[in-house]
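For reference, the structure discussed in these notes is given below.
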Amino acid sequence: MPGVLFVGLSTIDVVYDVDEFPVANTKVAARSQSVLAGGPATNAAIACAHLGSNAALVTVVGRNVLASVIREELQKHLVQLIDLNPAFEDAPVISSVTVDKAGNRNVISANAMRVPVPAAHVDPELCRQARIVMVDGHYMEACQAWAAAARTCGTPVVLDGGSWKDGTEALLKSVHTAICSADFMPPGCSSRNEVIQFLKNCGVTNIAITNGSAPIEFVFGKSSGSIRVPEVDVVDTMGAGDILHGAYCHFAAMKRDFVDSLTQAARIASESCRHAGTREWMKHFAAS
């Protein structure tokens, strides 16, 4: 049984390292190219598994020949796959990512919009056995169904709040912990304090707002504060937020408290930025 269950998006990422981003009507020669599985929930699950947790991913992969890229990488990193639409025949979601010499990135992706997801079938036993369920808001109906089942079982639900999506407000009814980016802005909110108050009003207990290398602001029960993000020589920021979520879930599943788990996760996410891509950091950071 998985210690941590991740529900959300899986993609195939085609990543190009470039000297500078192309402008309109130009061609740029890449220094390197890589093809790997991606997506918020997928990257988080792989990071969590690398750190030593038993991880499972609930997503859509399907049976297109290109889907083998995702399947093989999940197998390599010992992440159990629960495919929401194993009969899906079209190409999986493909993202085009360019990374410049400063580690900045541009991403073009269709995300989950073009992939059909049948009515969510939830395995309540998986939810009951898991120590944490993390949802990223992609495949929203599935995220809502698995989060609600986890909440019913008493399993904490963590939201990766990369951005506000249709259906997020209903999803928040099942969320215990929300770790959101600065881009996460609910309707009617225009400041970080308003976002935090909105999440509190929705019943979220633990809240964190990340903003790149700036300190992470958090609310933990009745306490609040900030966590310094370690400074590193940045090579590539791609997937750092996903890695933070996966690392947080690993430490939280070990029953560490919210602030400690966030602190350790921020350290690992920062270290990942020293290396290119979303996997290279693993070669330099042993599982614990």
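The values are calculated or read from the model by the stated rules, or taken from the named source; none is laboratory data. Predicted, not measured: the structure shown is a model, and the values here were computed from it. Note that each Cβ is placed from the backbone with ideal geometry, even for glycine, and that neighbours are counted across all protein chains shown.
The condition of being part of a strand (DSSP E or B) and within 23 Å of ALA240 (Cβ to Cβ) holds for VAL158. Considering (1) buried (at least 22 other Cβ atoms within 10 Å of the Cβ); (2) in a loop (DSSP other than H, G, I, E, B), the lone condition that ALA67 does not fulfil carries the number (2). Counting residues in the stretch 101-117 that are among the β-branched types (Val, Ile, Thr), in a loop (DSSP other than H, G, I, E, B) and within 23 Å of VAL79 (Cα to Cα) gives one or more.
Would you confirm whether or not the stretch 61-80 contains a residue that is hydroxyl-bearing (Ser, Thr, Tyr) and in contact (Cβ under 8 Å) with a residue 40 or more places away in the chain? Reasoning before the result, please.
First pass over the stretch 61-80, keeping only residues hydroxyl-bearing (Ser, Thr, Tyr): 68.
Subset that is in contact (Cβ under 8 Å) with a residue 40 or more places away in the chain: none.
Within the stretch 61-80, none of the residues are hydroxyl-bearing (Ser, Thr, Tyr) and in contact (Cβ under 8 Å) with a residue 40 or more places away in the chain.
Considering only residues that are surrounded by 17 or more Cβ atoms within 10 Å (Cβ to Cβ) and not aliphatic (A, V, I, L, M), look in the stretch 165-180 and name the one that is nearest to ASP242 (Cα to Cα). If you could, list the steps in order and put the result at the bottom.
Of the residues in the stretch 165-180, the ones surrounded by 17 or more Cβ atoms within 10 Å (Cβ to Cβ) are 165, 168, 171-172, 174-180.
Cutting the leftovers down to not aliphatic (A, V, I, L, M) gives us 165, 168, 174, 176-177, 180.
Working: LYS165: 17, THR168: 18, SER174: 21, HIS176: 18, THR177: 15, CYS180: 11 Å.
Only one residue tops the list, namely CYS180.
Among the residues of the stretch 231-253 satisfying the criterion of being part of a loop (DSSP other than H, G, I, E, B) and either at pLDDT 95 or above or among the charged types (D, E, K, R) (or both), which is surrounded by the most Cβ atoms within 10 Å (Cβ to Cβ)?
As a first pass, look at the stretch 231-253 and keep what is part of a loop (DSSP other than H, G, I, E, B): 231-239.
Now narrow it down to the ones that are either at pLDDT 95 or above or among the charged types (D, E, K, R) (or both): 231, 233, 236.
On the way: GLU231: 8, ASP233: 7, ASP236: 25.
Among residues in the stretch 231-253 that are part of a loop (DSSP other than H, G, I, E, B) and either at pLDDT 95 or above or among the charged types (D, E, K, R) (or both), the one surrounded by the most Cβ atoms within 10 Å (Cβ to Cβ) is ASP236.
Looking at the stretch 183-196, I want the residues that are in a loop (DSSP other than H, G, I, E, B) and have a partner that is of a type in the set (D, E, K, R) with Cβ atoms under 9 Å, at least 6 apart or on another chain. Which pairs are those? Hits for this filter: MET185/GLU194; PRO186/GLU169; PRO186/GLU194; PRO187/GLU169; GLY188/GLU194.
Would you check if there is a residue in the stretch 134-142 being buried (at least 16 other Cβ atoms within 10 Å of the Cβ) and more than 19 Å from the chain's Cα centre (by Cα)?
Taking the stretch 134-142 and keeping what is buried (at least 16 other Cβ atoms within 10 Å of the Cβ), we get 134-140, 142.
This time we only want the ones that are more than 19 Å from the chain's Cα centre (by Cα), so: none.
No, that holds for no residue.
Can you tell me which residue within the stretch 9-38, out of those that are in a loop (DSSP other than H, G, I, E, B) and in contact with a Gly (Cβ under 7 Å, 6 or more places away or on another chain), is surrounded by the most Cβ atoms within 10 Å (Cβ to Cβ)? Walk me through how you get there before you give the answer.
Initially, the stretch 9-38 is screened for residues in a loop (DSSP other than H, G, I, E, B), giving 9-10, 18-31.
Remaining after also requiring in contact with a Gly (Cβ under 7 Å, 6 or more places away or on another chain): 9-10.
On the way: LEU9: 28, SER10: 33.
Among residues in the stretch 9-38 that are in a loop (DSSP other than H, G, I, E, B) and in contact with a Gly (Cβ under 7 Å, 6 or more places away or on another chain), the one surrounded by the most Cβ atoms within 10 Å (Cβ to Cβ) is SER10.
Scanning the stretch 43-55 for residues that are surrounded by fewer than 23 Cβ atoms within 10 Å (Cβ to Cβ) and either under 14 Å from PHE6 (Cα atoms) or hydroxyl-bearing (Ser, Thr, Tyr) (or both) gives a single hit, ASN54. Within the stretch 215-230, the set of residues being farther than 14 Å from ARG267 by Cα and part of a loop (DSSP other than H, G, I, E, B) comprises GLY221, LYS222.
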